[in-house]
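Have a look at the structure below before the remarks.
The values are calculated or read from the model by the stated rules, or taken from the named source; none is laboratory data. What you are looking at is a predicted structure, and each value in this text was computed from that prediction instead of being measured. Cβ placement follows ideal geometry from the backbone for every residue including glycine, while neighbour counts extend to all protein chains displayed.
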Amino acid sequence: MKQFVLFTALMAACLLAQAQQQVRFGVKAGLNLSSLGDYELLLEGQEDAELENKPGFHAGIVAQIPLANQLGIETGVFYTQLGGRERERDWDEQYKVTANSAYLQVPVSLFYEFQLPMQISIYPSLGVYGSYGLGGDIKAEGQVGGTDITRNQQYFGDFANRFDFGGTAGLHVGLGHFLIGAGYDRGFTRVNSERVPYGDNAFNSNIRFSVGFLF
């Protein structure tokens, strides 16, 4: 929590430092395709759960702060749904696991605007993000090796750390006031609160597709 407050304060300082510049505000929303990767302690017998490709959405406000020429900073505050899921149907394994999580995410990225004719711009960006977990759950049902794994538990507290920090990259196309694009977020901090010392830990990973509007 302290890291998230510090990260948010740094983002606010960037906004204040550039207050004299022409800041553009807007909104952005879209689809998430998230995963947690392989995680060893979720299933029985130290078998990895491959929590991949769970759909969700993100939505929030965005600000573009010009620095020099076409260089600028993009930041904002987003509500985003992450997690992962796996389904297995085999002779000794029949189960379904779904991990759902919701975060408040604050990204800070450096972007460069390539200006094209007809009010078209291309924005490649690279930066970092900080997230704080709001809620979620893990649902498991079925059997692994004859052992029942059915359960329903809270995501944060029972399973995951609330704070996440990672890298973010994106590519957006601006059409006048409108934005469309895609990006990728990768967590650097371990999600699971119980560390796996000699195996696979869970990390947030998310491919996002967005549309937006700049005022």
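Check the stretch 127-147 and report whether any residue there is assigned to a loop (DSSP other than H, G, I, E, B) and within 25 Å of the chain's Cα centre (by Cα).
Taking the stretch 127-147 first, the residues assigned to a loop (DSSP other than H, G, I, E, B) are 145-146.
When the remaining residues are screened for being within 25 Å of the chain's Cα centre (by Cα), the result is none.
Checking the stretch 127-147: not a single residue is assigned to a loop (DSSP other than H, G, I, E, B) and within 25 Å of the chain's Cα centre (by Cα).
For the stretch 68-119, give me each residue that is among the polar types (S, T, N, Q), over 30 Å from G145 (Cα atoms) and under 17 Å from the mean Cα position of the chain (by Cα). I'd like the intermediate steps shown before the answer.
Our first condition is that a residue be among the polar types (S, T, N, Q); within the stretch 68-119, this holds for 69-70, 75, 80-81, 94, 98, 100-101, 105, 109, 115, 119.
Keeping just the survivors that are over 30 Å from G145 (Cα atoms) gives 69-70, 75, 80-81, 105, 109, 115, 119.
Hits for the stretch 68-119 are T75, T80, Q81, Q105, S109.
So in the stretch 65-83, with the set limited to residues that are among the polar types (S, T, N, Q) and modelled with pLDDT under 95, which one is nearest to T189 (Cα to Cα)?
Step one: of the stretch 65-83, the residues among the polar types (S, T, N, Q) are 69-70, 75, 80-81.
If we keep only those that are modelled with pLDDT under 95 as well, we get 69-70.
Values: N69: 34, Q70: 32 Å.
Restricting to residues being among the polar types (S, T, N, Q) and modelled with pLDDT under 95, the top hit is Q70.
Considering each residue of the stretch 53-87, count those that are of a type outside the set (A, V, I, L, M, F, W, C) and farther than 16 Å from A102 by Cα, and give that number. Talk me through it step by step, then tell me what you get.
At the first step, the residues of the stretch 53-87 found to be of a type outside the set (A, V, I, L, M, F, W, C) are 53-56, 58, 60, 64, 66, 69-70, 72, 74-76, 79-81, 83-87.
With farther than 16 Å from A102 by Cα added as a condition, the list becomes 64, 66, 69-70, 72, 74-76, 86-87.
Going through the stretch 53-87 one residue at a time, the tally reaches 10.
Might you let me know whether the stretch 85-103 holds any residue that is closer than 20 Å to G181 by Cβ, assigned to a strand (DSSP E or B) and either basic (K, R) or without any contact (Cβ under 8 Å) to a residue 40 or more places away in the chain (or both)?
no
Output the residues belonging to the stretch 178-194 that are more than 18 Å from the chain's Cα centre (by Cα), over 22 Å from D38 (Cα atoms) and exposed (fewer than 15 other Cβ atoms within 10 Å of the Cβ).
Correct list: F178 only.
Kindly state which strands (runs of 3 or more DSSP E) lie completely within the stretch 29-68 and contain at least 1 residues that are free of Cβ contacts under 8 Å to residues at least 60 places away in the same chain. Don't jump to the end; show me each part of the working.
Numbers: elements: 37-39, 49-51, 54-68.
Result: 49-51, 54-68.
Select from the stretch 69-117 the residues that are touching a Ser or Thr at 6+ places or on another chain (Cβ under 6 Å) and of a type in the set (S, T, N, Q) and write down the one among them that is surrounded by the most Cβ atoms within 10 Å (Cβ to Cβ). Walk me through it before giving the result.
Pass one, the stretch 69-117, residues touching a Ser or Thr at 6+ places or on another chain (Cβ under 6 Å): 74, 82-85, 103, 105-109, 111, 113, 115.
If we keep only those that are of a type in the set (S, T, N, Q) as well, we get 105, 109, 115.
Values: Q105: 24, S109: 22, Q115: 10.
Ranking the candidates gives Q105 first.
Please verify whether A182 is outside any strand (DSSP E or B) and of a type in the set (A, V, I, L, M), treating the condition exactly as stated. First the steps, then the outcome.
Working: outside any strand (DSSP E or B): no; of a type in the set (A, V, I, L, M): yes.
Answer is no for this residue.
Just to be sure I understand the filter: pairs with C-beta atoms under 6 Å, separated by 6 or more residues or on different chains, first member in the stretch 149-177 and under 23 Å from L43 (Cα atoms) and surrounded by 13 or more Cβ atoms within 10 Å (Cβ to Cβ), second member modelled with pLDDT of 95 or more and of a type in the set (S, T, Y). Which pairs pass?
Pairs that qualify, where the first residue is under 23 Å from L43 (Cα atoms) and surrounded by 13 or more Cβ atoms within 10 Å (Cβ to Cβ) and the partner is modelled with pLDDT of 95 or more and of a type in the set (S, T, Y), are Y155/S101; R162/Y132.
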